[in-house]
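Structure, as structure tokens:
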Amino acid sequence: MGELRHAKVVGLNAHLHFWGMRHRAVGMRILFLGDVVGRAARAAIVSQLSDLRQAWKLDFVVVNAENATSGAGLNAAHAKAILEAGADCITLGDHAFDQKEMMTFIESEPRIIRPLNYAKSAPGRGARIFSDTRGRKILVAQVLGQVFMKRPFDDPFSAVDQVLRSHPLGGSVQASLIDVHCEATSEKMGMGHFCDGRASVVVGTHTHVPTGDAMILPAGTAYQSDAGMCGDYNSVIGMEKTEPMRRFITGMACSEG
């Protein structure tokens, strides 16, 4: 499936939307942007994120960018552009290393987080403590789900539990955000309740479709099953729609001839 190359981007218009969630943690303004898909979304972030930071007086910005390069993975140049535009942290997902240069780039760029429960031999880290604009500490971590995913991954719950036990709210960190990158909303909801009261924000990614269930859980954690995507919504989950439509209609993976 090809990425959209000619999407019109004028502010936050009907063609390209930023889906995110702002949460106050000890007076901290956090913006989370769901899966960045392809060229159009990268262009919108580069042109608009700085203005959003000022307008919303943001303290910290997290961007999931695992589909930013041609819809599959993230290369070094595109990662640098998103960080220079105003992202404080980039999370990835199951396509973390589709762009091979990320295998080495992630070791030299600490602001990029790959899933905690990826292969044990994977480069990079799945959690890290950052500082916001006022020096307050925020933990960002990511896990991959297990339900309906193409590859088997290690248990995400035990991986998150270990990190949250090591970095309790009000102790070593003033805020924490968990990016749950998985297919099943039930698994994401389970993670939300598992982290309730122990994390500031639990937000899902991966499906590219925003859910309407943003809520504050009983013990105070902000939760949304999926933040959706930054991408062209006149598409199929951010991709140029002709090819995926052909595959659905014909049942064939590749065109003949």
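Here the condition is being touching a residue at least 40 places away in the same chain (Cβ under 8 Å), in a loop (DSSP other than H, G, I, E, B) and either closer than 25 Å to R165 by Cα or within 14 Å of the chain's Cα centre (by Cα) (or both); of G71, G124, it holds for G71 alone. The condition (being modelled with pLDDT of 95 or more and under 15 Å from the mean Cα position of the chain (by Cα)) is satisfied by just one residue among F60, F18: F60.
Taking the criterion of being over 19 Å from Q99 (Cα atoms) and either surrounded by fewer than 15 Cβ atoms within 10 Å (Cβ to Cβ) or among the hydroxyl-bearing types (S, T, Y) (or both), the residues of segment 123-158 that qualify are I129, S131, T133, R134, G135, V147, F148, P152, D155, S158.
Assessment of segment 223-243 against the conditions (surrounded by 20 or more Cβ atoms within 10 Å (Cβ to Cβ), of a type in the set (S, T, N, Q), modelled with pLDDT of 95 or more and in contact with a Cys (Cβ under 9 Å, 6 or more places away or on another chain)) yields no matching residue. Pairs linking a residue in segment 150-165 that is within 12 Å of A199 (Cβ to Cβ) to a residue that is in a helix (DSSP H, G or I), with Cβ atoms under 6 Å and 6 or more positions apart or on different chains, do not occur. Residues in segment 137-153 that are in contact with a strand residue (DSSP E or B) (Cβ under 6 Å, 6 or more places away or on another chain) and of a type outside the set (A, V, I, L, M): K137, Q142, F153. Within segment 66-98, restricting attention to residues that are of a type in the set (D, E) and within 26 Å of K150 (Cα to Cα), which residue is surrounded by the fewest Cβ atoms within 10 Å (Cβ to Cβ)? Ranking the qualifying residues of segment 66-98, first place goes to D98. The requirement of being modelled with pLDDT under 95 and hydrophobic (A, V, I, L, M, F, W, C) is satisfied by L144.
If you go through segment 102-114 and keep only what is over 13 Å from A72 (Cα atoms) and out of contact with any Phe, Trp or Tyr (no Cβ under 7 Å at 6 or more places or on another chain), you end up with T104, F105, I106, E107, S108, E109, P110, R111, I112, I113, R114. Being closer than 21 Å to D35 by Cβ and not acidic (D, E) holds for only one residue in T104, T185, T133, and it is T185. Cβ-Cβ distances below 7 Å connect the following pairs, each with a first residue in segment 101-115 that is within 23 Å of V160 (Cβ to Cβ) and without any contact (Cβ under 8 Å) to a residue 24 or more places away in the chain, a second residue that is surrounded by 15 or more Cβ atoms within 10 Å (Cβ to Cβ) and among the aliphatic types (A, V, I, L, M), and a separation of six or more residues or different chains: I106/I112.
Within segment 127-174, being more than 25 Å from S108 (Cα to Cα), of a type in the set (S, T, N, Q) and assigned to a loop (DSSP other than H, G, I, E, B) holds for Q146, Q174.
Filtered by the rule that a residue be over 17 Å from L144 (Cβ atoms) and of a type in the set (F, W, Y), segment 99-126 gives a lone residue, F105.
The values are calculated or read from the model by the stated rules, or taken from the named source; none is laboratory data. Just so we're clear, the structure is a prediction, and the values are computed from it rather than from any experiment. FYI the Cβ positions are ideal-geometry reconstructions off the backbone, even for glycines, and counts take in every protein chain you see.
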